[in-house]
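Shown next, in structure tokens, is the structure this report addresses.
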Amino acid sequence: MRRGPFRSGAFHSPARGPRTAVVLGRWLGAALLLCFGTGLVSHLLQDPPGPPAALGLPTRPVWGYRVTQGLHVACGLAAVPLAGAKLWSVYPRLFEWPPARSGRHALERAAVAALVAAVLLELFTGLLNTLQWYPWPFPFRQTHYWTAWTAVGALLVHLAVKAPVIAAHWRRAQTVPANGRRTDGQRALLADERRALLAATAAAVGAVTLTTAGQSVPGLRALDLFAPRRPGAGGSALPVNRTAAQAGTAAVPAHWRLTVTGPTPYRLDLAALRALPQTTAVLPIACVEGWSADGRWTGVPLRDLLRRAGLPPGSAVRITSLEADGPYRTADLPAPYADHPRTLLALALDGRPLTPDHGFPARLIAPDRPGVLQTKWVTRIDPL
Ligand SMILES: Nc1nc2c(c(=O)[nH]1)N[C@H]1C(S)=C(S)[C@@H](COP(=O)(O)O)O[C@H]1N2
Ligand SMILES: [Mo]
């Protein structure tokens, strides 16, 4: 174990030490906690507990999910260089020998092992998810969700165990004690090295953020070098995650009808839908994978379609796509969204009929919801 890069004294640096670990820990901790909070929001929206109709899920602000999920992905990306720097700052301690000196030390190291493993798995799965790349046999969302709880639990143990060290090094003034063992020159060198490390870390975080945030922050579009999704596909400013060709819905059957069930079920063709009173609303598509963009949608308010089928306000519905299979073939719409005046069965985007990639002939668009739930190629609406 104690050879090569693992020998004690490997990669020695004066910039290491509790103060460095505390400063980096604060940044990383803040990024991870923001990830956790915004991730819980996303999870609750995608997997609402309890009966869908009974829930007061938020429909306001309409761009709410755009902000929380944009932050989630931005903080996750920023956490990658932060986690690297944090691991580097404590590197020799990760391979300490003997592995445990006391019960407390054993607990401390077990929590660190769980924390490091969970955070690395979380950042890895999240990063690959932004690339729509799933090279693993386990379900992404459940794994990402439960790993997050593991990471937060291990983080709380870590913070509790380290509380005295954190308290002692929280403020800069207390961190360079005049302990007589270091000369003023050595102390200045240490402070310089630490400053350089923190500046390099901050620069890496800044670079990662500036070159990816454009996928959800309009003002930063020009700098968006590394974000995987580009607007402009499918003939609009919105990116496309799953094209009609990929979903097998490129050729919509000539007999396509929208079916709405309820006390007075009915079917309507596209011309009949276009003849109904239309509403236009600017609403974003906010993808879980971190990109988002506004669209100007025109279509029939969903609640008008539901009233016509005899479904009263407060009804939750299931929206079904023409897509033969795939995880987003159906989406359940809790009552707050179904009743919202700007929830549309959209027929047009930016004044033009929907293109196949954006969901022709009809798609759902609802405020403050993850993109995965904005079902394209809609063919049925059923009460839940
Ligand atoms: N039927 C169906 N609807 C779907 C999807 C899908 O795979 N199948 N993808 C969803 C996802 S993940 C997103 S982000 C949005 C993207 O909408 P857009 O392609 O119009 O930008 O559509 C959603 N609607
Ligand atoms: Mo998405």
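Does Leu156 satisfy being modelled with pLDDT of 90 or more, part of a helix (DSSP H, G or I) and either open to solvent by 40 Å² or more (accessible area, probe 1.4 Å) or outside the structural domain of Gly70 (by TED's automatic domain parsing) (or both)? Please lay out each step first, then the result.
Working: modelled with pLDDT of 90 or more: yes; part of a helix (DSSP H, G or I): yes; either open to solvent by 40 Å² or more (accessible area, probe 1.4 Å) or outside the structural domain of Gly70 (by TED's automatic domain parsing) (or both): yes.
Yes.
Assess whether Arg329 counts as being within 16 Å of ligand 2 (Cβ to nearest atom), in contact with an Asp or Glu (Cβ under 7 Å, 6 or more places away or on another chain) and assigned by TED's automatic domain parsing to the domain that holds Leu283.
On the way: within 16 Å of ligand 2 (Cβ to nearest atom): yes; in contact with an Asp or Glu (Cβ under 7 Å, 6 or more places away or on another chain): yes; assigned by TED's automatic domain parsing to the domain that holds Leu283: yes.
So Arg329 passes the test.
I'd like the residue in region 74-95 that is modelled with pLDDT under 95 and of a type in the set (A, V, I, L, M) and, out of all such residues, is most open to solvent (accessible area, probe 1.4 Å).
Here the residue is Leu94.
Checking Thr355 against (1) closer than 25 Å to Val67 by Cα; (2) hydroxyl-bearing (Ser, Thr, Tyr); (3) at pLDDT below 95, which test does it fail?
In the conditions (1) closer than 25 Å to Val67 by Cα; (2) hydroxyl-bearing (Ser, Thr, Tyr); (3) at pLDDT below 95, Thr355 misses (1) alone.
When both residues are 6+ apart or on different chains and their Cβ atoms are under 6 Å apart, which pairs have a first residue that lies in region 237-264 and is more than 24 Å from Gly351 (Cα to Cα) and within 13 Å of ligand 1 (Cβ to nearest atom), and a second that is open to solvent by 50 Å² or more (accessible area, probe 1.4 Å) and assigned to a loop (DSSP other than H, G, I, E, B)?
Gly248/Ala324
Could you please tell me which pairs satisfy a Cβ distance under 7 Å, a separation of 6+ or placement on different chains, a first residue in region 169-193 that is assigned to a helix (DSSP H, G or I), and a second residue that is at pLDDT below 80?
Final answer for the pair search is His169/Thr175; Arg187/Val176; Ala191/Val176.
Quick one: would you say Arg171 is more than 16 Å from Ala78 (Cβ to Cβ), over 31 Å from the mean Cα position of the chain (by Cα) and open to solvent by 80 Å² or more (accessible area, probe 1.4 Å)?
yes
Counting only residues that are open to solvent by 50 Å² or more (accessible area, probe 1.4 Å), give me the strands (runs of 3 or more DSSP E) lying completely in region 252-349 with at least 3 of them.
Working: elements: 258-260, 266-268, 279-286, 292-301, 317-321, 330-333, 344-349.
Passing ranges: none, list empty.
Go through (1) more than 14 Å from ligand 2 (Cβ to nearest atom); (2) surrounded by fewer than 22 Cβ atoms within 10 Å (Cβ to Cβ) one by one and return the number of the condition Ala362 breaks.
Only one criterion in (1) more than 14 Å from ligand 2 (Cβ to nearest atom); (2) surrounded by fewer than 22 Cβ atoms within 10 Å (Cβ to Cβ) is unmet by Ala362, namely (2).
In the list Val73, Val22, Val67, which residue meets the criterion of being assigned by TED's automatic domain parsing to the domain that holds Arg195, over 21 Å from Ala207 (Cβ atoms) and within 25 Å of the chain's Cα centre (by Cα)? Full working, then the answer.
Values: Val73 fails: over 21 Å from Ala207 (Cβ atoms); Val22 fails: within 25 Å of the chain's Cα centre (by Cα).
Val67 is the lone residue from the list that is assigned by TED's automatic domain parsing to the domain that holds Arg195, over 21 Å from Ala207 (Cβ atoms) and within 25 Å of the chain's Cα centre (by Cα).
Does any residue of region 142-150 turn out to be under 18 Å from Leu77 (Cβ atoms), in contact (Cβ under 8 Å) with a residue 40 or more places away in the chain and in contact with a helix residue (DSSP H, G or I) (Cβ under 8 Å, 6 or more places away or on another chain)? So that I can check it myself, show each step before the final result.
Within region 142-150, the first condition is being under 18 Å from Leu77 (Cβ atoms), and the residues that meet it are 144, 147-148.
Still in the list and also in contact (Cβ under 8 Å) with a residue 40 or more places away in the chain: 144, 148.
In the following step, the residues that additionally are in contact with a helix residue (DSSP H, G or I) (Cβ under 8 Å, 6 or more places away or on another chain) were identified as 144, 148.
Checked region 142-150: at least one residue is under 18 Å from Leu77 (Cβ atoms), in contact (Cβ under 8 Å) with a residue 40 or more places away in the chain and in contact with a helix residue (DSSP H, G or I) (Cβ under 8 Å, 6 or more places away or on another chain).
Can you tell me which residues in region 274-302 are within 16 Å of ligand 2 (Cβ to nearest atom) and small (Gly, Ala, Ser)? Before the answer, list the steps.
So in region 274-302, the residues within 16 Å of ligand 2 (Cβ to nearest atom) come out as 283-295.
Result: Ala286, Gly290, Ser292, Ala293, Gly295.
The values are calculated or read from the model by the stated rules, or taken from the named source; none is laboratory data. Since this is a predicted model, take the numbers as computed values, not measurements. Ideal geometry is used to build each Cβ from the backbone, glycine not excepted, and the neighbour counts take in all protein chains shown. To get the accessible areas, we keep the full protein, side chains included, count just its heavy atoms, and leave off ligands, DNA and RNA. Shrake-Rupley method; radii C 1.70, N 1.55, O 1.52, S 1.80 Å.
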